[in-house]
1. Would you point out the residue of region 136-148, among those that are within 24 Å of Thr3 (Cβ to Cβ) and within 15 Å of the chain's Cα centre (by Cα), that is surrounded by the most Cβ atoms within 10 Å (Cβ to Cβ)?
2. Of the residues that sit in region 31-59 and are hydroxyl-bearing (Ser, Thr, Tyr) and over 12 Å from Ala135 (Cα atoms), which one is surrounded by the most Cβ atoms within 10 Å (Cβ to Cβ)?
3. Quick check, is Leu92 more than 19 Å from Glu55 (Cα to Cα) and in contact with a Leu (Cβ under 7 Å, 6 or more places away or on another chain)?
4. Do we find that Phe124 is within 16 Å of the ligand (Cβ to nearest atom), part of a loop (DSSP other than H, G, I, E, B) and among the aromatic types (Phe, Trp, Tyr) in this structure?
5. For region 185-200, which residues satisfy the criterion of being assigned to a strand (DSSP E or B) and touching a residue at least 24 places away in the same chain (Cβ under 8 Å)?
6. Taking Arg18, is it more than 11 Å from the ligand (Cβ to nearest atom) and either in contact with a His (Cβ under 6 Å, 6 or more places away or on another chain) or not polar (S, T, N, Q) (or both)?
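No value in this document is a laboratory result; all are computed from the given coordinates. Keep in mind that this is a model prediction, so the values were computed, not measured. Ideal geometry is used to build each Cβ from the backbone, glycine not excepted, and the neighbour counts take in all protein chains shown.
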Amino acid sequence: MSTERFDQAAAGWDAKPRRVQLAHAIAGAIIATIPLTRDMTALEYGCGTGLVALELAPHVHKIHGLDSSPGMIKVLGEKIAEQGVTNVEPFLGDLSDLQVPLDLIYMSMTLHHIEEYVELLNQFAQHLKPGGVLALADLDKEDGTFHDDNTGIAHFGFDQDVLQKQLAQCGFGAIKNQTVFNFAKNDRDYPVFLLTAVKG
Ligand SMILES: C[S@@+](CC[C@H](N)C(=O)[O-])C[C@H]1O[C@@H](n2cnc3c(N)ncnc32)[C@H](O)[C@@H]1O
């Protein structure tokens, strides 16, 4: 997938209040749900400008912020420098290049951009330590009206039953789901879930 759209959006990404509100709700739900500790090493896959990562950073040892968009990674780097954050490391590249055992992998509103996401879930299982936690926040199944432009949208949200079965097939257990935000748009709500699972 071309990164051009996200590259162009990066500089103004944090200027949309509802986007910031959603990321804040997801970060809060992760903090409330997963027992984070200061010795944990985490990966955010598709970290964008780091709206979630910068909130989680004080609760863990380190967060690798991976994104495919150079524009997003540049903005994250600028925010890290401005805020003096020392434990979030921007990573522009492929997951296979990150050879670090991980305690936590999470995604916030990125899964729906990934066509072959089951393959990615399998890779996550390989990168997590036994007992490591995976957290996925994304849209419940929707009708394709959430995004104003569906370019680069691989999935119109996710069916929980299907996603949970796929996670189990990838070797995850203790799968739990909750709704953490209702995104009000088009005179309706689009629920956002947080699914957590543990590598067996
Ligand atoms: C909707 S944004 C979410 C950003 C951030 N997680 C947040 O909640 O604010 C999706 C992000 O995923 C990144 N992305 C999309 N496809 C990707 C892929 N295949 N690999 C890595 N990052 C990807 C985009 O560049 C973008 O920064």
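1. Only one residue fits best here, namely Ala137.
2. We begin by selecting, within region 31-59, every residue hydroxyl-bearing (Ser, Thr, Tyr); these are 33, 37, 41, 45, 49.
Retained after the next criterion (residues that are over 12 Å from Ala135 (Cα atoms)): 37, 41, 49.
Values: Thr37: 11, Thr41: 17, Thr49: 29.
Restricting to residues being hydroxyl-bearing (Ser, Thr, Tyr) and over 12 Å from Ala135 (Cα atoms), the top hit is Thr49.
3. Details: more than 19 Å from Glu55 (Cα to Cα): yes; in contact with a Leu (Cβ under 7 Å, 6 or more places away or on another chain): no.
No: the conditions fail for Leu92.
4. Numbers: within 16 Å of the ligand (Cβ to nearest atom): yes; part of a loop (DSSP other than H, G, I, E, B): no; among the aromatic types (Phe, Trp, Tyr): yes.
The answer is no for Phe124.
5. Just the residues of region 185-200 that are assigned to a strand (DSSP E or B), to begin with: 185, 188-199.
Result: Lys185, Tyr190, Pro191, Val192, Phe193, Leu194, Leu195, Thr196, Ala197, Val198, Lys199.
6. Working: more than 11 Å from the ligand (Cβ to nearest atom): yes; either in contact with a His (Cβ under 6 Å, 6 or more places away or on another chain) or not polar (S, T, N, Q) (or both): yes.
When the stated conditions are applied, Arg18 passes them.
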